[in-house]
Every structure is written in C-alpha cells, then in structure tokens.
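Engineer: The structure's right below; bear with me while I get my questions together.
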Amino acid sequence: KYVRGGFRTHVARGTVVQETQTTRLSMNRWFTTKQAQTSISVRLICYKGKKTDVKWVDEDPLHFETLCSFSASIPASALIPGSRLGAIKPCWSCNFDAVVSFGTTEFKCKIEWKDSQGITQSGVAVPVWNEG
C-alpha cells in the first residue's frame, strides 16, 4: 500500500551500478475511469541530503528533488475491477513494475504488467528530465 509522503528505494546511495543492471519496483495505481488506453506515470526522486536512513520525505524535505518522470500507456485489459475503502464510484487497479535499465550514457524506463493470461506485457517510457 502507498502512503503519501513515503517512498521506496530503487537504488540506494553508494550503490555501484553496472551499465547492464536493471532494477524494478512493484507498484499499484487506482483509477476511477476505464479507458481504452490509460497512462501510468512514475516519478523518480533523488535524496541529496546527509541523513543515511530517511524513510519519509517530510524528514528532510529540502533535500528531495525529482530526477525524472516517465509514463507509458497501458490497455484497458490491464485494469482489474476492485474497490477502495470509502470509494463511491467503481474503481480499477493496475499492478505493475517500474523498470529502469542503466546504460553507459542514459537509462531506459518501462512499465511492465501481466495480462489476463499471466503473460508479461510492457510499455516503453521515455524519461522526462527535471531541469530545475
């Protein structure tokens, strides 16, 4: 479950990353409408402070910044009907992995999910870098 202001570490500080390395985080998003194509966006944030064990953004908010964001389109078949606590309207969810592959000069991003037959599908995403 996602708690606002929390985050999960994709790559920890000090980790040596090989140019062929891929990391993935399992995630979930809820939607209140079901469309033929739905966009899923992921924001990669970077912690630039000195603390070593930060668990919440509000512990040191001035030292977090968006590195980049990426999004990919998924088909309606990737959405699973469900219900959220307190939701009045119908809801759908999508369980997916945010996948980042590192390279020599850039990294590649994609969203992966399993279709109704359990076959992994993916949508390639282009990172949009934060210039700030």
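The values are calculated or read from the model by the stated rules, or taken from the named source; none is laboratory data. Note that the structure is predicted; figures quoted are calculated from it, not measured. Neighbour counts are summed over all protein chains in view; Cβ atoms, including those assigned to glycine, are modelled from backbone coordinates with ideal geometry. Accessible surface is based on the protein model in full, side chains and every heavy atom, while ligands, DNA and RNA are left aside. Shrake-Rupley method; radii C 1.70, N 1.55, O 1.52, S 1.80 Å.
Engineer: Looking at (1) in contact with a Cys (Cβ under 7 Å, 6 or more places away or on another chain); (2) in contact (Cβ under 8 Å) with a residue 40 or more places away in the chain; (3) hydroxyl-bearing (S, T, Y), which one does S83 not meet, given that it meets all the others?
Structural biologist: Among (1) in contact with a Cys (Cβ under 7 Å, 6 or more places away or on another chain); (2) in contact (Cβ under 8 Å) with a residue 40 or more places away in the chain; (3) hydroxyl-bearing (S, T, Y), the lone unmet condition for S83 is (2).
Engineer: What do you reckon, is K114 under 25 Å from Q21 (Cα atoms), open to solvent by 80 Å² or more (accessible area, probe 1.4 Å), within 18 Å of the chain's Cα centre (by Cα) and among the basic types (K, R)?
Structural biologist: Values: under 25 Å from Q21 (Cα atoms): yes; open to solvent by 80 Å² or more (accessible area, probe 1.4 Å): yes; within 18 Å of the chain's Cα centre (by Cα): yes; among the basic types (K, R): yes.
Against the criterion (under 25 Å from Q21 (Cα atoms), open to solvent by 80 Å² or more (accessible area, probe 1.4 Å), within 18 Å of the chain's Cα centre (by Cα) and among the basic types (K, R)), K114 qualifies.
Engineer: Does any residue in segment 23-49 that is closer than 18 Å to W113 by Cβ come within less than 7 Å, Cβ to Cβ, of a residue that is among the aromatic types (F, W, Y) and surrounded by 12 or more Cβ atoms within 10 Å (Cβ to Cβ) six or more places away or on a different chain, and which pairs are these?
Structural biologist: From segment 23-49, the pairs are M27/F96; F31/W92; K34/W92; T38/F31; I40/F96; V42/F70.
Engineer: R84 - would you say it is open to solvent by 70 Å² or more (accessible area, probe 1.4 Å) and assigned to a strand (DSSP E or B)? Show your work before the answer.
Structural biologist: Working: open to solvent by 70 Å² or more (accessible area, probe 1.4 Å): yes; assigned to a strand (DSSP E or B): no.
For R84, the condition - open to solvent by 70 Å² or more (accessible area, probe 1.4 Å) and assigned to a strand (DSSP E or B) - is not met.
Engineer: Now for a different question. Counting just the residues of segment 117-128 that are open to solvent by less than 50 Å² (accessible area, probe 1.4 Å) and assigned to a strand (DSSP E or B), which one comes out modelled with the highest pLDDT?
Structural biologist: Taking segment 117-128 and keeping what is open to solvent by less than 50 Å² (accessible area, probe 1.4 Å), we get 118, 123, 125, 127.
Right, trim to assigned to a strand (DSSP E or B) and you get 123, 125.
Details: G123: 88, A125: 85.
The qualifying residue modelled with the highest pLDDT is G123.
Engineer: Here's a follow-up. Can you say whether S93 is part of a strand (DSSP E or B) and either among the basic types (K, R) or over 22 Å from W129 (Cα atoms) (or both), as far as the supplied structure shows? Step through it out loud before you land on a result.
Structural biologist: Values: part of a strand (DSSP E or B): yes; either among the basic types (K, R) or over 22 Å from W129 (Cα atoms) (or both): yes.
So S93 passes the test.
Engineer: Hey, among the residues in segment 31-48 that are of a type outside the set (A, V, I, L, M) and open to solvent by less than 80 Å² (accessible area, probe 1.4 Å), which one's nearest to C94 (Cα to Cα)? Working first, answer last.
Structural biologist: Going through segment 31-48, the residues of a type outside the set (A, V, I, L, M) turn out to be 31-35, 37-39, 41, 43, 46-48.
Retained after the next criterion (residues that are open to solvent by less than 80 Å² (accessible area, probe 1.4 Å)): 31, 33, 38-39, 41, 46-47.
Details: F31: 8, T33: 12, T38: 10, S39: 11, S41: 12, C46: 25, Y47: 27 Å.
It comes out as F31.
Engineer: Could you count how many residues in segment 62-72 are at pLDDT 85 or above and open to solvent by 70 Å² or more (accessible area, probe 1.4 Å)?
Structural biologist: 3
Engineer: For segment 87-124, enumerate the residues that are under 16 Å from L44 (Cα atoms) and in contact (Cβ under 8 Å) with a residue 60 or more places away in the chain.
Structural biologist: F96, D97, A98, V99, V100, S101, F102, C109, I111 - these are the residues of segment 87-124 that are under 16 Å from L44 (Cα atoms) and in contact (Cβ under 8 Å) with a residue 60 or more places away in the chain.
Engineer: When only residues in segment 6-64 that are among the small types (G, A, S) and under 23 Å from F96 (Cβ atoms) count, which is farthest from the chain's Cα centre (by Cα)? Talk me through it step by step, then tell me what you get.
Structural biologist: Going through segment 6-64, the residues among the small types (G, A, S) turn out to be 6, 12, 14, 26, 36, 39, 41, 49.
Next, only the ones that are under 23 Å from F96 (Cβ atoms) stay: 6, 12, 26, 36, 39, 41.
Working: G6: 13, A12: 16, S26: 8, A36: 21, S39: 12, S41: 7 Å.
Per the criteria, the residue is A36.
Engineer: Determine which member of the set S101, S93 is within 17 Å of the chain's Cα centre (by Cα), among the small types (G, A, S) and closer than 23 Å to P127 by Cβ. First the steps, then the outcome.
Structural biologist: Values: S93 fails: closer than 23 Å to P127 by Cβ.
Just a single option satisfies the conditions, and that option is S101.
Engineer: Where in segment 1-79 are there strands (runs of 3 or more DSSP E), lying wholly inside it, with at least 3 residues that are touching an Asp or Glu at 6+ places or on another chain (Cβ under 9 Å)?
Structural biologist: Details: elements: 22-31, 37-47, 64-75.
In segment 1-79, 22-31, 37-47 are the strands (runs of 3 or more DSSP E) which contain 3 or more residues that are touching an Asp or Glu at 6+ places or on another chain (Cβ under 9 Å).
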